[in-house]
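*Asks:* Quick one: the structure is below, and I'll ask about it shortly.
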Amino acid sequence: MAHFLAEPGGESVAELLARSPGAVALAAPGWPELERRLDELIPEPAEAARIFRHYTESLCTMVPLDEAAARAAIRVRHACPTRLPLVDALIAGCAMAAGLTLVHRDPHLDAIPAAVLAVLRLPDKLRPRRRT
């Protein structure tokens with residue numbers, strides 16, 4: 001979403017996409033989340049579906065949630081000193097099983113030790129300032 005919305009860190013994702021076409025992947029458990037967010041952001045269903053296909057078919061490959069990824073997710077959860085939500089563990093497990101770097105900005109994923117999985121932490125989204 002950082003790439004699509006041109007949020008902080010989106011330029012890092014754009015560089016990865018430009019440098020390694022086809023080498024950027026979305027973990028299978030992240031696909032429903034991508035589809036849900038696009039539906040929320042784009043009022044026209046056909047346009048949301050087109051953008052979803054663009055990311056899932058043209059820009060990225062899918063990292064499957066298979067036995068290797070599930071076993072890796074278990075290893076990731078055991079390595080974390082704090083609770084890691086199941087979907088986050090599955091996404092990290094997909095990356096680990098595929099030998100990929102996990103690109104994220106989810107605070108839950110910050111708990112994964114660097115010795116367990118290579119990560120690229122994107123900056124947090126900018127929040128509008130409150131008027132005082």
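The values are calculated or read from the model by the stated rules, or taken from the named source; none is laboratory data. The structure displayed is predicted, hence computed values, not measured ones. When we count neighbours, we look across all protein chains shown, and the Cβ atoms used for this are built from the backbone with ideal geometry, even at glycine.
*Asks:* Can you pull out the residues in the range 4-32 that are in contact with a Pro (Cβ under 6 Å, 6 or more places away or on another chain) and surrounded by fewer than 18 Cβ atoms within 10 Å (Cβ to Cβ)?
*Replies:* Filtering the range 4-32 for residues in contact with a Pro (Cβ under 6 Å, 6 or more places away or on another chain) gives 8-9, 28.
Passing the criteria: Pro8, Ala28.
*Asks:* Now for a separate question. Quick one: which residue in Met62, Met1 is surrounded by 14 or more Cβ atoms within 10 Å (Cβ to Cβ), assigned to a strand (DSSP E or B), without any contact (Cβ under 8 Å) to a residue 40 or more places away in the chain and not acidic (Asp, Glu)?
*Replies:* On the way: Met1 fails: assigned to a strand (DSSP E or B).
Being surrounded by 14 or more Cβ atoms within 10 Å (Cβ to Cβ), assigned to a strand (DSSP E or B), without any contact (Cβ under 8 Å) to a residue 40 or more places away in the chain and not acidic (Asp, Glu) holds for just one of Met62, Met1, which is Met62.
*Asks:* Does the range 76-99 contain at least one residue that is at pLDDT below 95 and under 20 Å from Pro8 (Cβ atoms)?
*Replies:* No, there is no match, as no residue in the range 76-99 is at pLDDT below 95 and under 20 Å from Pro8 (Cβ atoms).
Residues are listed down the side, and each one gets a yes or a no for (1) of a type in the set (A, V, I, L, M, F, W, C); (2) modelled with pLDDT of 90 or more; (3) in contact with a helix residue (DSSP H, G or I) (Cβ under 8 Å, 6 or more places away or on another chain); (4) closer than 24 Å to Ala114 by Cα:
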| site | (1), (2), (3), (4) |
| --- | --- |
| Leu41 | yes, yes, yes, no |
| Glu44 | no, yes, no, no |
| Arg50 | no, yes, no, no |
| Arg53 | no, yes, no, no |
| Ser58 | no, no, no, no |
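*Asks:* Is the range 75-84 home to any residue that is over 22 Å from Ala23 (Cα atoms), of a type in the set (A, V, I, L, M, F, W, C), in a loop (DSSP other than H, G, I, E, B) and without any contact (Cβ under 8 Å) to a residue 60 or more places away in the chain?
*Replies:* Our first condition is that a residue be over 22 Å from Ala23 (Cα atoms); within the range 75-84, this holds for 75-84.
Imposing the further condition that a residue be of a type in the set (A, V, I, L, M, F, W, C) reduces the set to 76, 79-80, 84.
Then keep just the ones that are in a loop (DSSP other than H, G, I, E, B); that gives 80, 84.
Applying the additional criterion that residues be without any contact (Cβ under 8 Å) to a residue 60 or more places away in the chain yields 80, 84.
The answer is yes, given that some residue of the range 75-84 is over 22 Å from Ala23 (Cα atoms), of a type in the set (A, V, I, L, M, F, W, C), in a loop (DSSP other than H, G, I, E, B) and without any contact (Cβ under 8 Å) to a residue 60 or more places away in the chain.
*Asks:* Shifting gears a bit: Residue by residue through the range 93-106, note down the ones that are of a type outside the set (A, V, I, L, M, F, W, C) and not in a helix (DSSP H, G or I). Please lay out each step first, then the result.
*Replies:* Taking the range 93-106 first, the residues of a type outside the set (A, V, I, L, M, F, W, C) are 93, 99, 101, 104-106.
Correct list: Gly99, Thr101, His104, Arg105, Asp106.
*Asks:* Just to check your reading of the model, which residue among Leu90, Leu109, Leu117 is surrounded by 14 or more Cβ atoms within 10 Å (Cβ to Cβ) and not in a helix (DSSP H, G or I)?
*Replies:* On the way: Leu90 fails: not in a helix (DSSP H, G or I); Leu109 fails: not in a helix (DSSP H, G or I).
The unique qualifying residue is Leu117.
*Asks:* Same structure, new question: Every residue in the range 44-68 that is of a type in the set (A, V, I, L, M), over 13 Å from the mean Cα position of the chain (by Cα) and under 21 Å from Arg105 (Cβ atoms), please. Can you show your working first?
*Replies:* Taking the range 44-68 as the starting set, the residues that turn out to be of a type in the set (A, V, I, L, M) are 46, 48-49, 51, 59, 62-63, 65, 68.
Applying the additional criterion that residues be over 13 Å from the mean Cα position of the chain (by Cα) yields 46, 48-49, 51, 59, 65, 68.
Listed by number, the residues that qualify are Ile51, Leu59.
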